[in-house]
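Inspection log for the structure reproduced underneath, given as structure tokens.
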Amino acid sequence: MPTIHMTINYALSLDSSPIAIFGRVGRIASEEVVIHLIVTKCLPVLLYGLEACQLRKSDLNSLDFVVNRFFMKLFQTSNIDIVKCCQSHFCFDLPSVVHDKRARKFDLRYRDHSNPFCRMISHL
């Protein structure tokens, strides 16, 4: 049976998809276009189903690391402050932030569900 950590490792192995997008469009497309492609094509795959999982801080840091490294490559810098500034400028949320939002939404939906089993489990 797959564990959460196996799922995280699989998601991190998808790190090649942003690189593939970047390799296809390279320096031809603007940073804005590349980031839009990452948000719409790669992050959903990276985060699929993780809102139902209890992730450790180290798991979330691993997901953020992948994105931060991609931004470093995109903006040709190794300075994390510049990366964070670029992420802020493009209104880009790190996977840990997106996961927290999705997990809260998942919990609310689960807790408010009409199924008594769902309500019972949500209180555990």
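The values are calculated or read from the model by the stated rules, or taken from the named source; none is laboratory data. Keep in mind it's a predicted model, so treat the numbers as computed, not measured. Every residue, glycine as well, gets a Cβ built from its backbone with ideal geometry; the counts of neighbours run over all protein chains shown.
The rows are residues; the columns are (1) touching a Ser or Thr at 6+ places or on another chain (Cβ under 8 Å); (2) in a helix (DSSP H, G or I).
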position: Leu60; (1), (2): yes, yes
position: Phe70; (1), (2): no, yes
position: Ser78; (1), (2): no, no
position: Cys86; (1), (2): no, yes
position: Asp93; (1), (2): no, no
position: Arg104; (1), (2): no, yes
The range 20-48 - residue that is more than 11 Å from the chain's Cα centre (by Cα) and in a loop (DSSP other than H, G, I, E, B) and, of those, modelled with the lowest pLDDT = Gly26
Test Leu43 against the criterion of being among the hydrophobic types (A, V, I, L, M, F, W, C), within 26 Å of Tyr110 (Cβ to Cβ) and touching a helix residue (DSSP H, G or I) at 6+ places or on another chain (Cβ under 6 Å), and give yes or no.
-> no
Inside the range 49-65, can you point out the residues that are modelled with pLDDT of 85 or more and either surrounded by fewer than 18 Cβ atoms within 10 Å (Cβ to Cβ) or closer than 20 Å to Asp81 by Cα (or both)?
-> Arg56, Lys57, Ser58, Leu60, Asn61, Ser62, Leu63, Asp64, Phe65
Condition met for Phe117 (more than 14 Å from the chain's Cα centre (by Cα), surrounded by 12 or more Cβ atoms within 10 Å (Cβ to Cβ) and without any contact (Cβ under 8 Å) to a residue 60 or more places away in the chain) | no
Which one is surrounded by the fewest Cβ atoms within 10 Å (Cβ to Cβ) among residues in the range 76-93 that are touching a residue at least 12 places away in the same chain (Cβ under 8 Å) and farther than 18 Å from Cys42 by Cα?
-> Ile80
Of the residues in the range 70-82, those that are modelled with pLDDT of 90 or more and of a type outside the set (S, T, N, Q) number 6
Of residues in the range 94-106 being exposed (fewer than 15 other Cβ atoms within 10 Å of the Cβ) and either of a type in the set (Ser, Thr, Tyr) or free of Cβ contacts under 8 Å to residues at least 40 places away in the same chain (or both), the one farthest from Val39 (Cα to Cα) = Arg104
Counting only residues that are more than 14 Å from Phe90 (Cβ to Cβ) and β-branched (Val, Ile, Thr), how many does the range 28-47 have?
-> 2
